[in-house]
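A short worksheet on the structure shown next.
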Amino acid sequence: MGFLLHDQKNTMIMSFVLVPLLLILNMHYYMLPALADSKRNVYIVYMGKRQHLDVELLTRTHHDMLVTVLGSEETSEDSIVYSYKHGFSGFAAKMTKAQALKLSKLPGVIHVTRNRFYKVQTTRSWDYLGLSSTSLSNLLNKSKMGNGVIIGLLDTGIWPELEVFNDENLGPIPSRWRGVCESGQHFDGAKACNRKLIGARYFISGLEAEYGQPYNTSENDDYMSPRDSSGHGTHTSSIAGGSFVANASYDGLGLGTVRGGAPGAHLAMYKVCWRLYGGVCADADVLKAFDEAINDGVDVLSVSLAADIPLYSEVDHRGSIPIGSFHAVAKGITVVCAAGNAGPRAETVQNTAPWILTVAASTVDRSFPTPITLGNNQTIIGQAMFTGEDTVSAALVYPEVSDLMPPRNCESLSSNDDWMAGKIVLCFASDYNQSLLNDAILSVKAAGGLGVIVSRSSSNYYPYAMNFPCLQVTYETGTQILYYIRSTSNPQVRLSPSRTHIGKPVSTNVAYFSSRGPSSNVPAILKPDIAAPGVQILAAIPPFDETTTGAFAFLSGTSMATPHVSGIVALLKSLYPDWSPAAIKSAIITTGLTSHQSGGPIFAEGEPPKLADPFDFGGGIVNPNSAADPGLVYDMNTENYVHYLCAMGYNNSDIFQLTEHPVVCPSKQPSILDVNLPSITIPNLKKPTILTRTVTNVGPVNSKYKASVEFASGINVAVRPETLIFSSRTKTISFSVMISSAHNVNAGYYFGSLTWTDGVHVVRSPISVRTEVGESFF
């Protein structure tokens, strides 16, 4: 059973669940309209590392600090929203701006920030990535399908009764698990959880405190519980770790077996996003979810959320995701986040902290060809998700206007255009605004139209938000159809149902909407890190009928790409439980695919499309089987992240609150270029620059690697030493890279790579360099 969207009771799915379909499911960072007392807002008081392990004493300390500012115990009890006491220390509380300023000056307080809000950002994809369940030699089966690993998700909740969350053949719940299955509205914790879904919590106090009144679940069509009413969290959960469900499809399209990347893993849902104003997630709630997840014992955190551009600097640290993820990574938890859906513009990538694994979205080799037969018997192939067996035949119309008037593009169509009734409409899209296009298509339907042919520049099809015949063609094809309309007095057309096609000639591309680098706040840190399938991903959603145990939808967005990588991380964690988050991240980045498996290049969608580079997909398209045997890894720990924080200008006291030991940054600010990342990015190469990296051998003990460099003309890269020899005594080796430029003008970035190979393993680091020549005008 499959659906593209909910109807009737769940009408808000068009603005929330199908937001990834509309390609805008990344989070927008903004202040909630204040309905509460405008002088009292929620502030997050961040105190860094816990100074002791007694959580009750820690909570008492938080209350005592509030009392010193607010004046009474009673006011303090009424004001506090959350006490953060597991992964780090701090609290969220209601107070005035003046009180927040006073509290920020108390000893032990790193910073006080205003509570802010976010909006939220398969049958083929796993086989496409080489993780077929029928192969005994791939990562999926070597890792026992992620057996014993716990994937936590910060999202919109989960629909636990679905078949994709059954626990058949799963092992016992790990003894280290400390989480709970929290009951709430329409969610019985004792029944909802099993050996697949082992934990479920919800966090809304930060939202309600800022909003100033209880959240109305009836008005917002939501549940005061971990239950998912929108579908986003259910979809991402089933991608990351769903169980096998055979014969899944969307009304026959994409038919196959749906499962998650790590079907043997356990899941834990942390609901932080709510359907107020179309869907918001409060900073205070997100930070509390990180705190609890760290204490619960998750191994991986999948966070399909992101902040708007411009980003806060790392020094500012106002966002909950950088703070929460830092503490999670310090505890050995890999945090996987969405790159955002603000592409194809440059410098739009989000979640840019170096300890986060940031995921871009790519397409898969699947399409849905749909015949368009014109009245002259010419058949043209479009793309659609037009299901069923019946064809639709009608007159074909185009909104012709005088040359003195603006053209009637798709976005201008209105339900008042009665000339569309009973006809199929051809229109040309003027903008890549999926929401406006959906509104236009709804207008055609409301006006009595029988279908729409949308002509747009994007070569890839992104589903539209209604069960209505809507086909997409290129501008070139649309122009051919328009020529036919203008050549006859009675143009006719027949639309036939879509079919599923897998394999050649469908190519892999970086998705149009996927946010691109370089990072706008830390351009020397390459982001995104990797790309994964995020277009037309078939996975579970809440059903129309609550008695149904199977409902599936195609959704698109970096929100869908993120759990693909989270599932792969779970497999790697199961196979290598001692690997650090940085080692796992390195293995994924250095083994990414930069060309099709058939040998052709990977393109990045845009206007116009171009060859993909590291700012589009980081290390490339995720390649899980190679990541399971990377040969070498660029490992990091808290000390390396301290190097990064010093390079970014944090003061010693702030860094001390984040770490396990006192920190003194060197008097000479260290170079951010020496952070031991599996990539090299130099945004302002002014003179020959030398940087260092250290690799750890995780392959055969006795190994010999040789370096090779690929780069555009004019950029010179020298590696010393050029050969690395590992043995039982030598497991880690440092090397230097000198990069210089022969260019004497300022231009854009040049791209290349540094690869270490032993004849079996290929360890590739992407390099991005921009020459900067000093300007002299006098």
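The values are calculated or read from the model by the stated rules, or taken from the named source; none is laboratory data. Being a predicted model, the structure only gives us computed values, none of them experimental. We place every Cβ from the backbone using ideal geometry, glycine too, and count neighbours over all the protein chains shown. When the accessible area is computed, the model is the full protein with side chains, heavy atoms only, and any ligands, DNA or RNA have been set aside. Shrake-Rupley method; radii C 1.70, N 1.55, O 1.52, S 1.80 Å.
The table for this structure:
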item: Criterion violated by LEU572 - all others in (1) open to solvent by less than 10 Å² (accessible area, probe 1.4 Å); (2) under 30 Å from ALA395 (Cβ atoms) satisfied; result: (2)
item: Unmet criterion (only one of (1) crowded, with 24+ Cβ neighbours inside 10 Å; (2) within 30 Å of PRO107 (Cα to Cα)) for GLY567; result: (2)
item: Residue match in the stretch 163-178 (condition: in contact with a helix residue (DSSP H, G or I) (Cβ under 9 Å, 6 or more places away or on another chain), under 29 Å from PHE117 (Cα atoms) and assigned by the TED database to the domain that holds ILE333); result: yes
item: Subset of the stretch 595-627 that is within 15 Å of ASP365 (Cα to Cα) and among the hydroxyl-bearing types (Ser, Thr, Tyr) - its residue that is nearest to the chain's Cα centre (by Cα); result: SER595
item: Residue match in the stretch 116-130 (condition: more than 30 Å from ALA587 (Cα to Cα), open to solvent by 40 Å² or more (accessible area, probe 1.4 Å) and among the charged types (D, E, K, R)); result: yes
item: Among (1) touching a Leu at 6+ places or on another chain (Cβ under 7 Å); (2) under 26 Å from ALA532 (Cα atoms) - the single one VAL392 does not satisfy; result: (2)
item: Selection count, the stretch 208-240, where residues are assigned to a loop (DSSP other than H, G, I, E, B) and closer than 21 Å to ALA190 by Cα; result: 7
item: Meets criteria (modelled with pLDDT of 85 or more and of a type outside the set (A, V, I, L, M, F, W, C)) for TYR398; result: yes
item: Output for the stretch 714-749, where each listed residue is closer than 15 Å to PRO683 by Cα and open to solvent by less than 60 Å² (accessible area, probe 1.4 Å); result: ILE715, ILE739, SER740, SER741, HIS743, ALA747, GLY748, TYR749
item: Residue ID - least open to solvent (accessible area, probe 1.4 Å), chosen from residues in the stretch 633-678 that are under 26 Å from VAL762 (Cα atoms) and polar (S, T, N, Q); result: ASN676
item: Single residue of LYS191, LYS196 found to be surrounded by 23 or more Cβ atoms within 10 Å (Cβ to Cβ), farther than 18 Å from MET560 by Cα, not assigned by the TED database to the domain that holds MET385 and not β-branched (Val, Ile, Thr); result: LYS196
item: The listed residue being out of contact with any strand residue (DSSP E or B) (no Cβ under 9 Å at 6 or more places or on another chain) and either within 16 Å of VAL698 (Cα to Cα) or at pLDDT 95 or above (or both), out of PRO563, PRO577; result: PRO577
item: Residue satisfying all of: in the stretch 159-188; of a type in the set (Gly, Ala, Ser) and open to solvent by 40 Å² or more (accessible area, probe 1.4 Å); farthest from the chain's Cα centre (by Cα) among these; result: SER175
item: Those residues of the stretch 488-547 which are part of a loop (DSSP other than H, G, I, E, B), within 29 Å of CYS337 (Cα to Cα) and of a type in the set (A, V, I, L, M, F, W, C), in sequence order; result: VAL506, ALA511, PHE513, VAL522, ALA524, ILE525, LEU526, VAL535, ILE541
item: Check on ALA246, farther than 25 Å from PRO624 by Cβ, open to solvent by 20 Å² or more (accessible area, probe 1.4 Å) and of a type outside the set (S, T, N, Q); result: no
item: Exclusive hit being more than 29 Å from GLY278 (Cβ to Cβ), part of a loop (DSSP other than H, G, I, E, B) and at pLDDT 90 or above, set GLY148, GLY108; result: GLY148
item: Test result for GLY297, surrounded by fewer than 24 Cβ atoms within 10 Å (Cβ to Cβ) and touching a Pro at 6+ places or on another chain (Cβ under 8 Å); result: yes
